[in-house]
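Input: a single structure, listed below in structure tokens.
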């Protein structure tokens, strides 16, 4: 059933009234969707509740499999430790490789994903939504891919988002918490990395000789961590923790791009609405594509983003706006993305003593 009309009260109050009336008549069999329509005339839609089990019971918790989760986490830790040792094997003499350094990489890389996914998990629990525990995906070092050890972790939400506020909080806490940890790991790891001569064949994933010029954020952190130790035509042989932090920063920046089903796309959806968020996503894809013409290491990002849908699923109450604090957090997230993907200009590198 679909109903449109002019609102005579605040959107939040209108939604709660309709939701209460539907629940009194139908119980938990139906959900009420409150969607954007023409200006001033939002749309109410009744749909079957996907949280109902075949027996007619309301699903209030996720069907977790903790044993499988522990096994996957254990396998991921082993493969990540192996990856950390492989990083050391390619940057140091084999006799200098010790397992504790491999373990430090594994703890940093898996810790990044754990912070991200637990942020999503606990915020979903706060809104009383059924969500699974985080499940890791092991990825042993395999040529020609960079030795990363795990493809990450995943939590699955088993209920629709109740509001744009919930959508924002669940996505922002995990993504920005992971980004903050990744930046901290990168800064610490850079201070324990080695300066080497720059190579023409280096890429953004080259832990043997990473160029600070690839990213504004990387250039600034490199200067803070290494000071005068690094100069022009020099690069960084990354400490395993620095490589884990750099991968975390790249992963976070990609995931915070304001496009579709990425966390960044959901943040702009929560702040600006689904339609405006989709328009922002299309503009962001085009701008990144144009930037990739000058920065070839971004080509893969630009191509991948064009395969993503422009819209994610709407929240049940997709009309009530979030507050100004969340607006500012969204802008901070977008600024962080730009600091990561924009290259350091030559003038800045000269000022920092790296140009």
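Cα-based radius of gyration for segment 164-230, normalised by 2.2 N^0.38 Å, reads 1.41.
Calculated on the Cα set of segment 115-232, radius of gyration then Dmax: 18.5, 53 Å. Dividing the summed helix terms, -39500 (n - 2.57) for each DSSP H run of n ≥ 4, by the number of residues in the chain produces a 222 nm estimate of -17500 deg cm²/dmol to the nearest 500. Put simply, segment 62-159 fits an ellipsoid with semi-axes of 31, 12, 10 Å; these come from the alpha carbon gyration tensor as the roots of five times its eigenvalues, largest first. Placing dummy labels 7 Å off each Cα toward the beta-carbon, the span from residue 348 to residue 90 is 2.7 nm. Rounded to whole Å, the principal axis extents of the Cα atoms in segment 252-305 read 32, 20, 13, largest first. Derived from the Cα gyration tensor, the three semi-axes of the equivalent ellipsoid of the chain are 43, 25, 15 Å, largest first. Expressed as a fraction of 2.2 N^0.38 Å, the C-alpha radius of gyration for segment 194-355 is 1.16.
Taking 10 °C and 1.306 mPa s as conditions, segment 98-152 diffuses translationally at an estimated 124 µm²/s according to Stokes-Einstein applied to its Kirkwood radius (Cα pairs).
Each reported figure results from applying straightforward, stated rules to the coordinates on display, with no laboratory input. Keep in mind that what you see is a predicted model, and the values were worked out from it rather than measured. Every residue, glycine as well, gets a Cβ built from its backbone with ideal geometry; the counts of neighbours run over all protein chains shown.
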